[in-house]
Amino acid sequence: MGHVLVTGATGGIGVALVDALVEAGHRVTAVGRGVGRLNVPGIEVDLSEPETAAAAVGTLGEVQALVHRAGISPVAAVADAGPETWRRTLAVNVASAAELVRLTLPALRRSRGHVIFVNAAPGTTGVARWSAFVASKAALRELAESLREEEAASGVRVTTVYPGATATDLLGEVRSDFGRPHDPALCIQPRSLAAMIVWVLSAPADAYPCELSVLPSPR
């Protein structure tokens, strides 16, 4: 058990993840906006402005894991997505993750810790009207791949989790924007995905999953 930083902790998956981590005996610090309403310590950071993270995070002490779950998911065609849409999406979904990793790497190296990036659903690529989101998740995947290679000698583990449709308000909004139906009962429940992430953190010393695809069970 150890100290775990969690971004996106106020969303549907994030709240379930914080609860699951605490139940498993971890000490949790939430990183992001609005974290004061959670029942765990929080650090207020605007993830759309990654350059502000250093001053906000400061000295955290020992850290055993970082879980980047924060993300935004604008639905817009390339023809309609202006520079601010791209800037904000890439900042929240990728650049903030890279900056938080950079800031916590000294502690993660000392603890031979674990970085988990929560990505998009398995196989998400080339989706019309979702270019900024899909591009950001491709970049997040490459960040994970590069980090894994760079930090292998330090003993730092890096895992990408690819969750299928998960019953969150955000997914409902995205599907509504696409004009698609949404039935939360057919989705992965947030507490179930949270349990899978906690399981990744409990991997034995000699092996761990570098990628994990999670799908709703057949109905």
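The values are calculated or read from the model by the stated rules, or taken from the named source; none is laboratory data. Here the structure is a predicted model, which is why all the values come from computation and not from measurement. With ideal geometry, Cβ positions are generated from the backbone for all residues, glycine too; neighbour counts draw on all protein chains shown. Please note that ligands, DNA and RNA were not included when accessible areas were found on the heavy atoms of the full protein model with its side chains. Shrake-Rupley method; radii C 1.70, N 1.55, O 1.52, S 1.80 Å.
Roughly what angle does helix 12-23 make with the longest principal axis of the chain, taking Cα atoms, 0 to 90 degrees, to the nearest 10?
With both axes taken from Cα atoms, the answer is about 20 degrees.
For every other residue with a beta carbon closer than 13 angstrom to the beta carbon of ASN119, add +1 if it is Lys or Arg and -1 if Asp or Glu, then tell me the sum.
The answer is 0.
Counting pairs of alpha carbon atoms under 8 Å apart in space and at least six apart in sequence, what relative contact order in percent does the chain give?
Answer for the chain is 21 percent.
With angles folded into 0 to 90 degrees, how steeply does helix 190-201 sit against the dominant principal axis of the chain? Use alpha carbons for both and round to 10.
Taking Cα atoms only, the helix is inclined about 40 degrees.
When the accessible area of the chain is computed with all protein chains present and a 1.4 Å probe, what percentage of it is carbon and sulfur?
Roughly 54 percent, rounded to a whole number.
What order do you get for 195-208, 94-107 when each peptide is scored by the mean count of other beta carbon atoms within 10 Å, highest first?
Ranked by mean Cβ neighbours within 10 Å, highest first: 94-107, 195-208.
Averaged per residue, what accessible area in Å² does the stretch 145-219 show with a 1.4 Å probe, protein chains only?
Using a 1.4 Å probe on heavy atoms only, each residue of the stretch 145-219 averages 56 Å².
Among 183-192, 112-121, 29-38, 80-89, how do they line up by average Cβ neighbours within 10 Å per residue, starting with the highest?
By packing density, highest mean first, the sequence is 112-121, 29-38, 183-192, 80-89.
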